[in-house]
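S.K.: Dropping a structure here in structure tokens format, bear with me for questions.
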Amino acid sequence: MTPFKASQSKALSGSIAIPGDKSISHRALMFGAMAVGETVIEGLLEGEDVLSTAEAMRKLGAKVERDGDGRWHVWGRGVGGLIEPDDVLDMGNAGTAARLIMGIVASHGFTTFMTGDASLRSRPMERVVTPLKQIGAGFVARSGDRLPLAVLGAKSPLPLAYELPVASAQVKSAVLLAGLNAPGETRVIEPVPCRDHTELMLKHFGADVTVEEREDGGRLVRLKGQPELTGRSVIVPGDPSSAAFPLVAALLVPGSEVTIANVGLNPLRTGLMTTLQEMGADIEYVNQRTEAGEPVADLVARGSRLKGVEVPPERAPSMIDEYPILAIAAALAEGQTTMTGIGELRVKESDRLAAMAEGLTACGVEVEAGDDWMTVTGTAGQAPKGGATVATRLDHRLAMSFLTMGLVSEALVEVDDVTPVDTSFPGFVDLMSGLGADLRPA
């Protein structure tokens, strides 16, 4: 464990580039492995989670290399062409990758063993296992369908029509990835639109996929099975979930102005930006453009006085990973910020809802929380007392959120372990320090 601390900061300033989008990085490697020919990836996030995916694709038979210029090359085996791994796939802390790869191998007629770190092994996989069983796959797992587990791939996979019980991009993607190697049409109905990186990348690699808007506000995704995917060039934009931390830090530290270059702005990922702007945040979008079907822009964030808002539950799918750092912003806003429909936070890398409430309370912020909601009463721009050591529970987003809080607290805030940050944001400490943040080993 590597404890770290953050102290009250002077104005932050500068221009930065953040690591590549984790969701797109995972998928670029996976689709490259299932395509025919070479896929070239620029801007891949080289955090531990994505490196776990790269190694998993190698074990499934793809050739994956990084060149001296930082580009990644994947030579795939075609849809249905992956091979039985001769070793366990160790996914580390990569929950997204684990669930998506379960979908891929579920429609291959071999057995795959998967495990992960202590955090990932504690997280339930049942919501992915349930639909994948319907295509003909079998599973041998611990209680709650937790890792380590074995996926017994279907020798004759069936196309699936599945309605998501709750909006989940991971479950939707797992079903679609399983459907790639099944004959006929696979259909997924989502009650609320959630991240569509899988659909966009399927189209980019040549799959026949359509998305229909439903009268009830949901979507129907249709995928024709057994296409021939073709290797493509992929430019990975900056991860909006990573951009959230320097963005909120710039908003909260008075007098700050920070430019964050090349941020992916997929409209199903920008719930945090929408919420912050409703709170009064000064965020400007410049140099807007499109890269491989994904909208991209540079963000300019300036110190702002925020006010509390009610965040509607239907926004949760577009910002589920950003609620921890939103709670930090809410802690300094004027009035109350209420977040509802966030029960999924209880089954992330940690029980994020409970951990955020506990950490904020320890730092002197008034918090109320229930099964799927949290209300934070802000300090109206006054520095919270801080002075706490927060348990990160092997959760990278908790670590970065509370280090951000330390930048605006009266007394320093310490996190018990900063090492999980490398799973998604390698170089976070150096980047924030370069903007003027006071971050140091404890």
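The values are calculated or read from the model by the stated rules, or taken from the named source; none is laboratory data. Since this is a predicted model, take the numbers as computed values, not measurements. Every residue, glycine among them, receives a Cβ derived from its backbone with ideal geometry; neighbour counts consider all protein chains shown.
S.K.: Across the stretch 332-360, what is the total count of residues that are in a loop (DSSP other than H, G, I, E, B), out of contact with any Asp or Glu (no Cβ under 8 Å at 6 or more places or on another chain) and surrounded by fewer than 20 Cβ atoms within 10 Å (Cβ to Cβ)?
M.R.: 2
S.K.: So, in the stretch 96-121, of the ones that are among the small types (Gly, Ala, Ser) and surrounded by 18 or more Cβ atoms within 10 Å (Cβ to Cβ), which residue ends up nearest to Arg195 (Cα to Cα)?
M.R.: So, considering only residues that are among the small types (Gly, Ala, Ser) and surrounded by 18 or more Cβ atoms within 10 Å (Cβ to Cβ), the one nearest to Arg195 (Cα to Cα) is Ala97.
S.K.: Name the residue that is farthest from the chain's Cα centre (by Cα), counting only residues in the stretch 110-129 that are part of a strand (DSSP E or B) and of a type in the set (Ser, Thr, Tyr).
M.R.: Result: Thr111.
S.K.: Residue by residue through the stretch 10-30, note down the ones that are in contact with a strand residue (DSSP E or B) (Cβ under 8 Å, 6 or more places away or on another chain) and either crowded, with 23+ Cβ neighbours inside 10 Å or over 29 Å from Met405 (Cβ atoms) (or both).
M.R.: Leu12, Ile18, Pro19, Gly20, Asp21, Ile24, Ser25, Ala28, Leu29
S.K.: Could you list all residues from the stretch 49-67 that are farther than 17 Å from Arg27 by Cβ and modelled with pLDDT under 95?
M.R.: The answer is none; no residue qualifies.
S.K.: Go through the stretch 212-331 and tell me which strands (runs of 3 or more DSSP E), entirely inside it, have 2 or more residues that are touching a residue at least 60 places away in the same chain (Cβ under 8 Å) and either over 22 Å from Val171 (Cα atoms) or among the aromatic types (Phe, Trp, Tyr) (or both).
M.R.: 233-235, 257-264
S.K.: Still on this structure, I have one more. So, in the stretch 79-109, of the ones that are in a loop (DSSP other than H, G, I, E, B) and among the small types (Gly, Ala, Ser), which residue ends up farthest from the chain's Cα centre (by Cα)?
M.R.: That would be Gly109.
S.K.: Tell me yes or no: at least one residue of the stretch 199-207 is among the small types (Gly, Ala, Ser), part of a helix (DSSP H, G or I) and modelled with pLDDT of 95 or more.
M.R.: No, the stretch 199-207 contains no residue that is among the small types (Gly, Ala, Ser), part of a helix (DSSP H, G or I) and modelled with pLDDT of 95 or more.
S.K.: Can you pull out the residues in the stretch 263-293 that are under 17 Å from the mean Cα position of the chain (by Cα) and either under 20 Å from Gly43 (Cα atoms) or not hydrophobic (A, V, I, L, M, F, W, C) (or both)?
M.R.: Val263, Gly264, Leu265, Asn266, Pro267, Arg269, Thr270, Gly271
S.K.: Quick check on this structure: which one of Gly308, Gly264, Gly293 is crowded, with 24+ Cβ neighbours inside 10 Å and under 26 Å from Val192 (Cα atoms)?
M.R.: None of the others qualify; the one that does is Gly264.
S.K.: Yes or no: Val129 β-branched (Val, Ile, Thr) and buried (at least 21 other Cβ atoms within 10 Å of the Cβ)?
M.R.: yes
S.K.: Within the set of pairs 6 or more residues apart or between chains, which connect a residue that is closer than 12 Å to Leu353 by Cα inside the stretch 369-397 to a residue that is loosely packed, with under 15 Cβ neighbours inside 10 Å and not aromatic (Phe, Trp, Tyr) with Cβ atoms less than 6 Å apart?
M.R.: Thr375/Glu368
S.K.: For the stretch 341-353, check the following and say yes or no: at least one residue is out of contact with any Pro (no Cβ under 8 Å at 6 or more places or on another chain), at pLDDT below 95, on the phi > 0 side of the Ramachandran plot and not β-branched (Val, Ile, Thr).
M.R.: For the stretch 341-353, residues out of contact with any Pro (no Cβ under 8 Å at 6 or more places or on another chain), at pLDDT below 95, on the phi > 0 side of the Ramachandran plot and not β-branched (Val, Ile, Thr): absent.
S.K.: For the subset of the stretch 217-240 comprising residues that are β-branched (Val, Ile, Thr) and under 14 Å from His197 (Cα atoms), which member is farthest from the chain's Cα centre (by Cα)?
M.R.: Filtering first and then ranking leaves Val221.
S.K.: Any idea which of (1) closer than 12 Å to Met30 by Cβ; (2) at pLDDT 95 or above is the one Ala94 doesn't satisfy?
M.R.: (2)
S.K.: Another question about this same structure. Which numbered condition in (1) under 20 Å from Ala11 (Cα atoms); (2) surrounded by fewer than 17 Cβ atoms within 10 Å (Cβ to Cβ); (3) of a type outside the set (Lys, Arg); (4) under 22 Å from the mean Cα position of the chain (by Cα) is the only one that Gly255 fails?
M.R.: Among (1) under 20 Å from Ala11 (Cα atoms); (2) surrounded by fewer than 17 Cβ atoms within 10 Å (Cβ to Cβ); (3) of a type outside the set (Lys, Arg); (4) under 22 Å from the mean Cα position of the chain (by Cα), Gly255 violates only (4).
S.K.: Restrict the check to the stretch 31-49 and report whether at least one residue is surrounded by fewer than 22 Cβ atoms within 10 Å (Cβ to Cβ) and assigned to a helix (DSSP H, G or I). Please lay out each step first, then the result.
M.R.: So in the stretch 31-49, the residues surrounded by fewer than 22 Cβ atoms within 10 Å (Cβ to Cβ) come out as 36-38, 40, 42, 46, 48.
Still in the list and also assigned to a helix (DSSP H, G or I): 48.
Yes; the residues of the stretch 31-49 include at least one that is surrounded by fewer than 22 Cβ atoms within 10 Å (Cβ to Cβ) and assigned to a helix (DSSP H, G or I).
S.K.: Which count do you get for residues in the stretch 383-425 that are assigned to a loop (DSSP other than H, G, I, E, B) and either more than 26 Å from Lys22 (Cα to Cα) or out of contact with any helix residue (DSSP H, G or I) (no Cβ under 8 Å at 6 or more places or on another chain) (or both)?
M.R.: Filtering the stretch 383-425 for residues assigned to a loop (DSSP other than H, G, I, E, B) gives 383-385, 387-388, 391-395, 407-410, 412, 416-418, 424-425.
With either more than 26 Å from Lys22 (Cα to Cα) or out of contact with any helix residue (DSSP H, G or I) (no Cβ under 8 Å at 6 or more places or on another chain) (or both) added as a condition, the list becomes 383-385, 387-388, 408-410, 412, 416.
Of the residues in the stretch 383-425, 10 are assigned to a loop (DSSP other than H, G, I, E, B) and either more than 26 Å from Lys22 (Cα to Cα) or out of contact with any helix residue (DSSP H, G or I) (no Cβ under 8 Å at 6 or more places or on another chain) (or both).
S.K.: Among the residues that make up the stretch 319-327, is at least one of them more than 27 Å from Val367 (Cα to Cα) and either of a type outside the set (D, E, K, R) or buried (at least 23 other Cβ atoms within 10 Å of the Cβ) (or both)?
M.R.: no
S.K.: In the stretch 130-187, what residues are assigned to a loop (DSSP other than H, G, I, E, B) and either at positive phi or not assigned by TED's automatic domain parsing to the domain that holds Thr210 (or both)?
M.R.: If the condition is that a residue be assigned to a loop (DSSP other than H, G, I, E, B) and either at positive phi or not assigned by TED's automatic domain parsing to the domain that holds Thr210 (or both), then Gly136, Gly184 are the ones that fit.
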